[in-house]
Amino acid sequence: MANSAQARKRARQATQRRARNASMRSTLRTAIKRVRKAILAGDKTAAQAIFRQSESVIDHIADKNIIHKNKAARHKSRLSAQIKAMSGQAASAA
(Lines give C-alpha, C1' and ligand atoms only; values in the text may rest on other atoms or scores of the structure.)
Protein backbone atom coordinates (compact mmCIF):
# COMPACT_ATOMS: atom_id res chain seq x y z
CA MET A 1 0.00 0.00 0.00
CA ALA A 2 1.07 3.56 -0.63
CA ASN A 3 2.83 5.26 2.28
CA SER A 4 2.92 8.95 1.38
CA ALA A 5 -0.09 11.20 0.92
CA GLN A 6 0.92 11.80 -2.69
CA ALA A 7 1.10 8.07 -3.44
CA ARG A 8 -2.29 7.47 -1.80
CA LYS A 9 -3.84 10.21 -3.93
CA ARG A 10 -2.25 8.80 -7.11
CA ALA A 11 -3.63 5.35 -6.23
CA ARG A 12 -7.12 6.84 -5.81
CA GLN A 13 -6.84 8.70 -9.11
CA ALA A 14 -5.63 5.61 -10.93
CA THR A 15 -8.60 3.61 -9.65
CA GLN A 16 -11.06 6.28 -10.79
CA ARG A 17 -9.36 6.62 -14.18
CA ARG A 18 -9.34 2.86 -14.71
CA ALA A 19 -13.07 2.66 -13.96
CA ARG A 20 -13.85 5.57 -16.29
CA ASN A 21 -11.74 4.10 -19.09
CA ALA A 22 -13.39 0.69 -18.69
CA SER A 23 -16.81 2.33 -18.95
CA MET A 24 -15.80 4.22 -22.09
CA ARG A 25 -14.37 1.07 -23.70
CA SER A 26 -17.65 -0.69 -22.95
CA THR A 27 -19.55 2.16 -24.62
CA LEU A 28 -17.28 1.79 -27.66
CA ARG A 29 -17.89 -1.95 -27.93
CA THR A 30 -21.65 -1.43 -27.60
CA ALA A 31 -21.66 1.21 -30.36
CA ILE A 32 -19.77 -1.11 -32.71
CA LYS A 33 -22.08 -4.04 -31.89
CA ARG A 34 -25.14 -1.89 -32.66
CA VAL A 35 -23.80 -1.13 -36.13
CA ARG A 36 -22.91 -4.77 -36.79
CA LYS A 37 -26.37 -5.86 -35.66
CA ALA A 38 -28.00 -3.38 -38.05
CA ILE A 39 -25.78 -4.65 -40.88
CA LEU A 40 -26.77 -8.24 -40.17
CA ALA A 41 -30.44 -7.22 -40.13
CA GLY A 42 -29.97 -6.03 -43.70
CA ASP A 43 -31.49 -2.56 -43.32
CA LYS A 44 -29.00 -0.25 -44.98
CA THR A 45 -30.66 3.06 -44.03
CA ALA A 46 -30.89 2.04 -40.36
CA ALA A 47 -27.28 0.83 -40.44
CA GLN A 48 -26.15 4.17 -41.87
CA ALA A 49 -28.06 6.12 -39.21
CA ILE A 50 -26.65 4.02 -36.38
CA PHE A 51 -23.17 4.24 -37.93
CA ARG A 52 -23.34 8.06 -37.88
CA GLN A 53 -24.14 8.00 -34.16
CA SER A 54 -21.46 5.42 -33.46
CA GLU A 55 -18.90 7.39 -35.44
CA SER A 56 -19.12 10.28 -32.99
CA VAL A 57 -18.79 7.88 -30.04
CA ILE A 58 -15.69 6.30 -31.58
CA ASP A 59 -14.14 9.71 -32.30
CA HIS A 60 -14.87 10.95 -28.78
CA ILE A 61 -13.20 7.92 -27.20
CA ALA A 62 -10.17 8.31 -29.48
CA ASP A 63 -9.94 12.01 -28.55
CA LYS A 64 -9.77 10.98 -24.89
CA ASN A 65 -6.82 8.65 -25.72
CA ILE A 66 -8.70 5.61 -24.48
CA ILE A 67 -8.02 3.98 -27.84
CA HIS A 68 -5.47 5.03 -30.44
CA LYS A 69 -6.71 7.29 -33.22
CA ASN A 70 -5.64 4.74 -35.85
CA LYS A 71 -7.68 2.03 -34.13
CA ALA A 72 -10.70 4.33 -34.22
CA ALA A 73 -10.11 5.02 -37.91
CA ARG A 74 -9.79 1.30 -38.61
CA HIS A 75 -13.11 0.52 -36.87
CA LYS A 76 -14.90 3.31 -38.75
CA SER A 77 -13.39 2.27 -42.08
CA ARG A 78 -14.32 -1.39 -41.71
CA LEU A 79 -17.87 -0.64 -40.59
CA SER A 80 -18.31 1.83 -43.43
CA ALA A 81 -17.04 -0.73 -45.95
CA GLN A 82 -19.50 -3.32 -44.62
CA ILE A 83 -22.37 -0.87 -45.00
CA LYS A 84 -21.30 0.02 -48.54
CA ALA A 85 -21.10 -3.69 -49.41
CA MET A 86 -24.75 -4.10 -48.38
CA SER A 87 -25.98 -2.38 -51.54
CA GLY A 88 -24.02 -4.90 -53.62
CA GLN A 89 -25.74 -7.77 -51.81
CA ALA A 90 -29.17 -6.22 -52.25
CA ALA A 91 -28.61 -5.58 -55.96
CA SER A 92 -27.35 -9.10 -56.62
CA ALA A 93 -30.27 -10.62 -54.69
CA ALA A 94 -32.86 -8.62 -56.63
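The values are calculated or read from the model by the stated rules, or taken from the named source; none is laboratory data. What you see is a predicted model, and the numbers here were worked out from it, not measured in a lab. FYI the Cβ positions are ideal-geometry reconstructions off the backbone, even for glycines, and counts take in every protein chain you see. What goes into the accessible areas is simple: the full protein's heavy atoms, side chains included, and nothing from ligands, DNA or RNA. Shrake-Rupley method; radii C 1.70, N 1.55, O 1.52, S 1.80 Å.
Using +1 at the Cβ of each Lys and Arg and -1 at the Cβ of each Asp and Glu in the chain, identify which of A62, V35, M86 lies farthest towards the dipole's positive end.
A62
On the protein heavy atoms, probe 1.4 angstrom, tell me the percent of accessible surface of the chain carried by carbon and sulfur. Could the numbers behind the result be given before it?
Working: 3400 of 6800 Å².
Percent of accessible area from carbon and sulfur atoms in the chain: 50.
Figure the gain on full extension for S80 and R36 (residue separation times 0.36 nm, minus the Cα-Cα span) and round it to one decimal in nm. Please report the intermediate quantities before stating the final value.
Details: separation 44, 0.36 × 44 = 15.84 nm, distance 1.04 nm.
So the chain would gain 14.8 nm between S80 and R36.
Angle, helix 5-41 long axis vs. longest principal axis of the chain, Cα atoms, 0 to 90°, nearest 10?
Helix 5-41 and the main axis of the chain meet at about 10 degrees.
Would you give the gap between the C-alpha center of the stretch 25-94 and the C-alpha center of the stretch 1-19, rounded to a whole Å?
36 Å
What's the Kirkwood radius of the stretch 2-67 in Å, using all Cα pairs? All intermediate terms of the calculation are to be shown ahead of the outcome.
Numbers: mean 1/r = 0.0729 Å⁻¹.
13.7 Å is the Kirkwood radius here.
In nanometres, what is the gap between the two model label sites at A7 and N65, each 7 Å from Cα along Cα-to-Cβ?
Here the modelled spin labels are 2.4 nm apart.
Residues with beta-carbon under 14 Å from that of H68, excluding H68: net charge, scoring Lys, Arg +1 and Asp, Glu -1? Numbers along the way, then the final one.
On the way: positive: R25, K64, K69, K71, R74, K76; negative: D59, D63.
Net of charged neighbours comes to +4.
Rounding to the nearest 10 and keeping the result within 0 to 90°, find how far the Cα-based axis of helix 69-93 lies from the longest principal axis of the chain.
20 degrees
Just want to confirm a number: the relative contact order over the chain, from Cα pairs under 8 angstrom separated by 6+ residues, in percent.
26 percent
I need the calculated FRET efficiency for the pair A22 and R52, taking r as the beta carbon distance and R₀ as 22 Å, to the nearest 0.05. Spell out each step's value before the answer.
Numbers: r = 26 Å, r/R0 = 1.16.
It comes out at approximately 0.30.
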